[in-house]
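Presented below is the structure to which this report refers.
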Amino acid sequence: MRVYNYNSGGGKSKVDGFYQKALIPYLNKKGVKVGAFGEFGMSEPPTGYFLLVYPSITEYLQVKNDLWKDKTFMDAAGSFFESTAQTGSYFRYKTYLLEAFDGFPQLKYPSKERKLIEMRTYESNNEEAGQRKIKMFNSEEIGIFKSVGLNLVFFGEILAGPQMPALIYMLSYEDMKERDDKWKKFGDSDAWNKLKVKPEFANTVSVVNKVFLVPLDYSQI
């Protein structure tokens, strides 16, 4: 996952062009799909979210190392690199290296009707608490999500990133009403109300961050 803090709307356009014309074509040749998202709302300057989905850590490292040797990519990306080396297009971007949960090992592509994405980050006060929260998801919570009709996209433990220990997951909806209805159903469910009071899962999450996103036109997720 990459999160770009653009320096302007023009900076966003340049990065969009880089992904569309250079990076995504290269990654697709390697079997990597890319989700491209903007925030739900009109923030200024905008923020961009990109989810790069690799089959394994081994293939991630191979693709990363091959990138700068690929002439087709370098030719396609040349104008972006030249035009932004001095003035830039974003302040910096954050990178999160994520490993899929055992309980949800494969990303599920949202249907075309589900244009609202919710990305949730759960932070924990220490690593052991974070591991217990992941166990809570894998053992029961993901199953409860499915039972109440929440539309799951992915669950990932942050192996490296600016927020640790933490995990990230994504859900998709048709609109905010569906989102609110499904979360109410989850909050009211007997299964969740029994799970959340189990002593072995006490104090697993200290901070919950939520951001609402929409897929960009060229997003593959």
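The values are calculated or read from the model by the stated rules, or taken from the named source; none is laboratory data. This is a predicted model, so every value here is computed, not measured. Quick reminder, even Gly has a Cβ in these numbers, built from the backbone with ideal geometry, and neighbours come from all protein chains shown. What goes into the accessible areas is simple: the full protein's heavy atoms, side chains included, and nothing from ligands, DNA or RNA. Shrake-Rupley method; radii C 1.70, N 1.55, O 1.52, S 1.80 Å.
Tabulated data for the structure shown
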{"read-out": "Residue satisfying all of: in the stretch 40-63; hydroxyl-bearing (Ser, Thr, Tyr) and either more than 25 Å from Gly156 (Cα to Cα) or in a loop (DSSP other than H, G, I, E, B) (or both); nearest to the chain's Cα centre (by Cα) among these", "value": "Tyr54"}
{"read-out": "Check on Leu67, modelled with pLDDT of 95 or more and closer than 30 Å to Lys146 by Cα", "value": "no"}
{"read-out": "Search result, residues across the stretch 33-80 that are of a type in the set (Ser, Thr, Tyr) and touching an Asp or Glu at 6+ places or on another chain (Cβ under 9 Å)", "value": "Thr47, Tyr49"}
{"read-out": "Answer from Asp75, Asp102, Asp66 - the residue that is open to solvent by 30 Å² or more (accessible area, probe 1.4 Å), more than 28 Å from Arg114 (Cα to Cα), touching a residue at least 12 places away in the same chain (Cβ under 8 Å) and over 14 Å from the mean Cα position of the chain (by Cα)", "value": "Asp66"}
{"read-out": "Hits in the stretch 84-93 (condition: open to solvent by 100 Å² or more (accessible area, probe 1.4 Å) and outside any loop (DSSP other than H, G, I, E, B))", "value": "Phe91, Arg92"}
{"read-out": "Phe37, sole failed condition from (1) open to solvent by less than 80 Å² (accessible area, probe 1.4 Å); (2) among the hydrophobic types (A, V, I, L, M, F, W, C); (3) part of a loop (DSSP other than H, G, I, E, B)", "value": "(3)"}
{"read-out": "Meets criteria (of a type in the set (Val, Ile, Thr) and under 19 Å from Val34 (Cα atoms)) for Thr95", "value": "yes"}
{"read-out": "Index of the failed condition, Ser172 passing every other in (1) touching a helix residue (DSSP H, G or I) at 6+ places or on another chain (Cβ under 8 Å); (2) open to solvent by less than 40 Å² (accessible area, probe 1.4 Å)", "value": "(1)"}
{"read-out": "Selection count, the stretch 78-116, where residues are aliphatic (A, V, I, L, M) and in contact with a Phe, Trp or Tyr (Cβ under 6 Å, 6 or more places away or on another chain)", "value": "2"}
{"read-out": "Options Gln220, Gln131, Gln163; residue that is among the polar types (S, T, N, Q), open to solvent by 50 Å² or more (accessible area, probe 1.4 Å) and within 27 Å of Ile24 (Cβ to Cβ)", "value": "Gln220"}
{"read-out": "Residues located in the stretch 179-212, provided they are in contact (Cβ under 8 Å) with a residue 60 or more places away in the chain, open to solvent by less than 60 Å² (accessible area, probe 1.4 Å) and charged (D, E, K, R)", "value": "Arg179"}
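Residue by residue, here is whether (1) under 21 Å from Lys71 (Cα atoms); (2) open to solvent by 50 Å² or more (accessible area, probe 1.4 Å); (3) among the charged types (D, E, K, R) holds:
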{"residue": "Ser13", "(1), (2), (3)": "no, yes, no"}
{"residue": "Tyr19", "(1), (2), (3)": "yes, no, no"}
{"residue": "Ile24", "(1), (2), (3)": "yes, no, no"}
{"residue": "Asn28", "(1), (2), (3)": "yes, yes, no"}
{"residue": "Lys33", "(1), (2), (3)": "yes, yes, yes"}
{"residue": "Met42", "(1), (2), (3)": "no, yes, no"}
{"residue": "Phe50", "(1), (2), (3)": "no, no, no"}
{"residue": "Tyr54", "(1), (2), (3)": "no, yes, no"}
